[in-house]
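Quick notes on the structure that follows.
The values are calculated or read from the model by the stated rules, or taken from the named source; none is laboratory data. On a predicted model such as this, the values are computed, not experimentally measured, just so you know. Cβ placement follows ideal geometry from the backbone for every residue including glycine, while neighbour counts extend to all protein chains displayed. Side chains are part of the model used for accessible areas, which takes the heavy atoms of the whole protein and leaves out ligands, DNA and RNA. Shrake-Rupley method; radii C 1.70, N 1.55, O 1.52, S 1.80 Å.
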Amino acid sequence: MVRYLITRLGQALVVVVLVTVIAFLILHLLPGGAARATLGKEATLEQLAAFNHDMGYDRPWIQQYGMYVQRLLRGDLGYSYQLNQSVVEAISQRLPKTMVLSLLSTVLAIVLAIPLGVIQAVRRNRWPDYAITSLSLLAYATPIFFMGLMMIILFSQVWPILPPEAPQGFTVAEVLADPAGLVLPTITLAIVTIAVYSRYVRSAMVDNLNENYVRTARSKGLSERRVVLRHTLRNGLFPVIALLGMYLPALFSGALVVESLFNFPGMGQLFWQAALKRDFPILLGVTVIISIATVVGALVADLLYAAVDPRVRLQRSAS
Amino acid sequence: MIETSGRHTPAAGGTQPLLELRDLDTDIALRRGTVHALDGVSLQVMPGETLGVVGESGSGKTMTALSIMGLLPPGGRVSGGQILFEGRDLRSLPADEVRRIRGVRMGMVFQDPLTSLNPTMRIGVQVGEPLRVHERVGRAEARERTIEILRRVGMPRPDRIVDNYPHELSGGMRQRVAIAMALVCSPRLLIADEPTTALDVTTQRQILELIDDLREEFGMAVILVTHDLGVIAGRADRVAVMYAGRVVETAATGELFRSPRHRYTQALMEALPESAIRESGEHARLYSIPGLPPDLSRPLTGCRFAPRCRHVTDECRTTDVTLTAGEHQHACLHPVPAEPAAPVGLPTPARVEPAPDPAGAPAGPAEPAAEPVLSVRNLVKNYAAHGRGLLRRTAGQVSAVADVSFDVGPGETFGLVGESGCGKSTVGRLAVGLEQPSAGQIMLDGTDIAGLAGRERRRMHRQVQLMFQDSYAAMNPRMRVDAILAEPLEIQKVGGTAERRARIATLLDQVGLSRRVLERYPHEFSGGQLQRIGLARSLALQPRLIVGDEPVSALDVSIQAQVLNLMRDLQRELGLAYVFISHDLSVVDYMADRIGVMYLGKLVEVGPARDVVRAARHPYTQALIDAVPSVTPNPAAARDGATIRGELPSALNPPAGCRFRTRCPLAQDICATEPPLAGDAHQVACHFPLRPESAAAAAPAGAIA
């Protein structure tokens, strides 16, 4: 197990290094270079040269990459002149809040999607299945900004029970102190996730319910409830585990559209505004962080898989 | 119901049947219509007896079992009749009550042990579950009783197995687990649906004996559902033969095999390869039942076998034939005349054309002078083994083929038999060049194929072609048959469009298919037709050798006979040589001129087919022969032979010396050194061969038990 972990961590490291190389290259392939991007169109050639010299951008690329990696290892992702704060600082202000929103919506999605998928599988090709399938497809096909707008119109205009804006607090505690404001963004985010997850659960459950081992379970005279809950559910949840691993990067990146729509000061909004203002240090910093989260997410999914599926688990020494 | 010839005669007279089916109808609603899977099925099972239900695929034998258990697939329902179990009609009982009966009073064992157990649940939990649910037994007691029942089904170290997962056990062991699960509540009725079809013959024998022993021990009745007449003959007290959703004949086992009355039963027995060999000593042509079983989604009138029957009259097509009354029931208007005092053996195969087969014998091994088409010398194939689980490091080598040598002459059929994992398929794949040997030579017409490259290599591929077990899987489902047959010609750049078309037409004629099939796709064909198309494809380039890897193993007996006959006809017409790979000894015996027996990558015995099967020299060959269930009902003999126990060792680090020694009843210290393949025409790799070679021809008395 330890050996496997080391191997997988080694692989993850290679991917992360490649990501930094790509990020570095993008930074330096910008037209006019980072200096122009940072100082803007009005900057004089002297200013550009001075900036480049200060930042070490006039040195050879290899050396520059070495410096970039050194800074990265020290936890220095660069400095945003637009926000006038370091990238790390900008991210660390927003990441916890984004995680609150993402976690809430993910938990909500899982709690609802699994039973919905199971009901669809058990009642497949009958009206509950058709109804949920139709709603899922509708939710899946609706653009998320439209969904969010509908939410705002319905629940804060037509029937004003919830605020249209997410909590504006500066810290996680302040955000959590305003739960009403979290409801609409959480639900909006969750709806699409529910649609996707319930489809996965449904198809995995349908496949499993057609397996021979389910027939064996029925031959033991078990109730349908026990057949589904004790025998099939565990095997039907494997795809969800894989999805959860892939969800980790989303936890970090936040939801661009929803955060903008509800004016939630999270990672998505940070990224969105950085893109508009061509704030490259922020864009690259966020990209590197998300890449690492992606790699770690895949690793976590594999480990979770091994935890729930004995066939993947390490052979015990005896047999 | 008075039992006369069963081994365990239930008390005659007043005994109530344990299970009685009365006019059972089962429908399965599919998108394309309703299939009437069972039509008026009536059966009785007495307490303590074994009823064999035999039939080909689609006959309704499995649907009968599933109807009793209430486990019909989605869309299936019992639409008429009664299922009387211990006197009560299961159809009229409340669902909870039926479920309890199913869990406690009945048990079922399914065909495929690899998929019939929950992969993520520990063995102990699965086996003990009925106790927990139906008897409300505590966790500790359930575990204890689970260990006990696992011990009774012959599971080694049951106290440890309970904590294992199914994937950690072999197929045979998993089937024991399935049996333990069915028996844990001591049911009155065990339904075994093809319980050994997915297993090797030596394992099959162990499992069938286990079921027999447990039946006596538990005093339960058994319904043994199978397609294999041999399995039925050795184990059942009474047999019901099913065809197209109906019971067409039922009788005591001995009576049925001695004197079948229904024309379908008779035809089925004649289609068995072993019947053709036994009668004449020569390889007579098999009787093959023409056509296919009827489509059960259409309304049917008259005898359902009529369209395929040799004795059909107009009356058969219009009259609804019902089972006759009495001990030996049949539903046939023109039954085989009863033979009350016929000698034990197979029915007189009056229909078997005794026409001697001119291809097999003369072109066979009688002339070893002819240069072999295929010559395999010291063939070795090793695979790097990866540890299972997360740790995929290399864990040694799997020795799939170890030092195998044999020749195949022009027009000869060389049979390769052995159990799964013995390396026979790997030899086939190496012979056609699909894989590269680790060592050794494969020579086609005297040329070592390893030295060939480019165009020569491609030309070599014309000479030798492969025929698969599952032709459907071996065809591109999006290609029409014309494209499938033209492809080899295109790859080898043979002829122009017109020539290819003519060639394809010839191929279809040769395999007996009409030109209309050209525009159809693989999924539109039945198994037998697909094997014909597969054969046509392998014939397209006019090869000299066809390697058939289990070419008839997926087919029903009647269809199997059609394909085997076709293969022999083509061999005679075209002078083909075959390497015929199969686990089924009786099929290989019928087809092959010479047989090679493989065990764990080694060729342990090679010789003329007749000698190998009737005067085996290697203990493994003998054990294999003994394990094959024969249609001659002779249960005593079937149980006596020295059987091999245990399981096939891993090909990863196989035993040194003779690889069979770990299971061999004759093994001595010397067996740790490797025995060479010694002998003249009938070679054996054994330090203690069962017979000297010369005895083979002189003493055919040592035939199959």
Exercise. Looking at A:283, B:296, B:630, which one has the Cα that reaches farthest to the positive end of the dipole of the protein assembly as shown (charges on Cβ: Lys, Arg +1; Asp, Glu -1)?
Worked result: A:283
Exercise. Which of A:116, A:243, A:73 moves most in a GNM of chain A, Cα contacts under 10 Å?
Worked result: A:73
Exercise. Across the residues of B:118-125, average count of Cβ atoms on other protein chains within 10 Å?
Worked result: 5
Exercise. Relative to the first principal axis of the alpha-carbon coordinates of chain B, what is the inclination of helix B:171-183, with its axis defined by its Cα atoms, in degrees from 0 to 90 and to the nearest 10?
Worked result: 0 degrees
Exercise. Can you give the accessible area of residue B:89 in Å² (nearest 10), computed on protein heavy atoms with a 1.4 Å probe?
Worked result: 30 Å²
For this session: Using only Cα atoms, tell me the angle between helix B:497-511 and the longest principal axis of chain B; keep it within 0 to 90° and round to the nearest 10.
Result: 50 degrees
Exercise. Roughly how tilted is helix B:123-134, in degrees to the nearest 10 and between 0 and 90, from the longest Cα axis of chain B?
Worked result: 20 degrees
Exercise. About the Cα centre of region B:19-280, what is the dipole size in debye to 20, counting +1 per Lys and Arg Cβ and -1 per Asp and Glu Cβ, all else neutral?
Worked result: 620 debye
Exercise. Heavy-atom accessible area of residue A:134 with all protein chains present, probe 1.4 Å, nearest 10 Å²?
Worked result: 70 Å²
Exercise. Where a Cα-Cα gap under 23 Å defines reach, which lysines qualify for residue A:97, not counting those fewer than 8 residues away within the same chain?
Worked result: A:277
For this session: Please calculate the 1.4 Å probe accessible area of residue B:36, with all protein chains present, and give it to the nearest 10 Å².
Result: 80 Å²
For this session: For the protein assembly as shown, give the magnitude of the charge dipole about the Cα centre (Cβ charges: +1 Lys/Arg, -1 Asp/Glu; no others), in debye to the nearest 20.
Result: 1900 debye
Problem set entry | Cut-off of 10 Å, at most 13 other beta carbons, DSSP loop: longest stretch of chain B lacking such trypsin sites (Lys or Arg not before Pro) | B:137-309
Exercise. Between A:149, A:93, A:103, whose Cα lies farthest towards the positive end of the dipole of region A:93-262 when Lys and Arg beta carbons carry +1 and Asp and Glu beta carbons carry -1, centred on the Cα centre?
Worked result: A:103
Seminar exercise, completed: Once both label points are put 7 Å beyond Cα along the C-beta direction, the residue B:652-residue B:436 separation in nm becomes 2.5 nm
Exercise. Which percent of the accessible area of the protein assembly as shown is formed by carbon and sulfur heavy atoms (probe 1.4 angstrom)?
Worked result: 57 percent
Problem set entry | Neighbourhood charge, 10 Å Cβ-Cβ cut-off, centred on residue B:558 and excluding it, Lys, Arg +1 and Asp, Glu -1 | -2
Exercise. Which whole-number percent is the relative contact order of chain A (Cα, under 8 Å, 6+ apart)?
Worked result: 24 percent
Problem set entry | Within a Gaussian network of chain A (alpha carbon springs, distance under 10 Å), most fluctuating of A:78, A:117, A:221 | A:221
Seminar exercise, completed: Across A:238, A:264, A:146, the residue with the highest GNM fluctuation in chain A (Cα network, 10 Å cutoff) is A:146
Exercise. What residues qualify as long-range amide H neighbours of residue B:223, i.e. H under 5 Å apart, gap of 5 or more or another chain, H built at 1.01 Å from N?
Worked result: B:51, B:190, B:191, B:192
Problem set entry | Total accessible surface hidden between A and B, rounded to 100 Å², 1.4 Å probe | 3200 Å²
Seminar exercise, completed: Square roots of five times the C-alpha gyration tensor eigenvalues of the protein assembly as shown, ordered largest first and given in whole Å, equal 62, 39, 29
Problem set entry | At R0 = 45 Å, FRET efficiency that the Cβ-Cβ distance of residue B:325 and residue B:122 yields, to 0.05 | 0.30
Problem set entry | Per residue solvent-accessible surface (Å²) - the protein assembly as shown, probe of 1.4 Å | 43 Å²
Problem set entry | Lys, Arg +1 and Asp, Glu -1 on Cβ, resulting dipole of chain B about Cα centre, debye, nearest 20 | 1820 debye
For this session: Could you work out the longest stretch of chain A that avoids the trypsin sites (Lys or Arg not before Pro) located in DSSP loops with at most 10 other Cβ atoms within 10 Å?
Result: A:127-319
Exercise. What length, rounded to one decimal in nm, is gained on full extension from residue A:312 through to residue A:74, with 0.36 nm per residue of separation minus their alpha-carbon distance?
Worked result: 82.0 nm
Exercise. Helices from chain A with mean Kyte-Doolittle at least 0.0 and a Cα length along the axis of 27 Å or more, per DSSP H: which?
Worked result: A:2-29, A:87-122, A:179-209, A:280-308
